[in-house]
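Structure first, commentary second.
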Amino acid sequence: MIDLKAFYKGREETHHRELTDEIRRNAEDTVTRANELLQRAGFAHISAVNSGWRPREVNNATATASPTSRHLTGQAVDLPDPDRRLAAWCASNLGVLEEIGLWLEDPRWTYDENGEHWVHVQTVPPRSGRRVFVPYDTPPPDPDFPVTWA
């Protein structure tokens, strides 16, 4: 299970002026919902976070990060998923994500050629309103990930 320390990754100290009470409340909510997901999916052993809260400077330096990323407001988390099993579970259990109140970035876009795969979930709907959303208009890095929600 993840905690706020993992979610902040030390940025609550290095960028404390940017960390508002609203972001802190959002972070607590995001961690709570992410932990419910991990528990229900059978991945409670995950305790690390690839990316949690991102101050503006960090977000701007993050490749492919949206300038309006929900990481900026503490409403998104990227969970490590080296073998893509968590992504596959999420894609097959969208009803559980809906019950928890999470939206999933399409796993075809949460793939890294070096094996640093992740699952991005957020506590607010994307502009499309879709439970599984495409983050940007480039071809997916993992076009072979099985799509079960289309």
> Do the sum for the chain: with -39,500 (n - 2.57) for every DSSP H run of n ≥ 4, divided by all residues, what is the mean residue ellipticity at 222 nm, to the nearest 500 deg cm²/dmol?
Replying inline: -9000 deg cm²/dmol
> S128 to A150: extension gain in nm, 0.36 nm per residue of separation minus the Cα-Cα distance?
Replying inline: 6.5 nm
>> Are there any chymotrypsin sites (Phe, Trp or Tyr not before Pro) in the stretch 87-150 that are in a DSSP loop and have at most 10 other Cβ atoms within 10 Å? List them by number.
In response: Y136
> Where both residues lie in the chain, what percent of DSSP beta bridges are antiparallel, nearest 5?
Replying inline: 80
> Can you tell which of P67, P55, P80 shows the greatest fluctuation in a Gaussian network model of the chain with Cα springs below 10 Å?
Replying inline: P67
> Label point 7 Å out from R56 along Cα-to-Cβ: which residues of the stretch 1-33 have amide N under 20 Å?
Replying inline: 11-27
> Tell me, what does the Kirkwood hydrodynamic radius of the stretch 49-109 come to in angstroms if you use every pair of distinct C-alpha atoms?
Replying inline: 12.7
> Pick from A27, A44, A91: which residue has the top mean-square fluctuation in a GNM of the chain where Cα pairs under 10 Å get a spring?
Replying inline: A44
>> Give the residue list of GluC sites (Glu not before Pro) in the stretch 61-150 that are DSSP loop and have at most 16 other beta-carbon atoms within 10 angstrom.
In response: E113, E116
> So what are the ³J(HN,Hα) numbers for the stretch 81-89, from phi and the Karplus equation (6.51, -1.76, 1.60; θ = phi - 60°), rounded to whole Hz, Gly and Pro as x?
Replying inline: 8, x, 9, 6, 6, 5, 4, 5, 4
>> Just to check, using Stokes-Einstein with a Kirkwood Rh over alpha carbon pairs, what's the diffusion coefficient of the chain at 4 °C and 1.567 mPa s in µm²/s?
In response: 84
>> Just to confirm the number: angle between the C-alpha axis of helix 21-41 and the first principal axis of the chain, 0 to 90 degrees, nearest 10?
In response: 30
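Coordinate-derived values only; no laboratory data. Here the structure is a predicted model, which is why all the values come from computation and not from measurement. Every residue, glycine among them, receives a Cβ derived from its backbone with ideal geometry; neighbour counts consider all protein chains shown.
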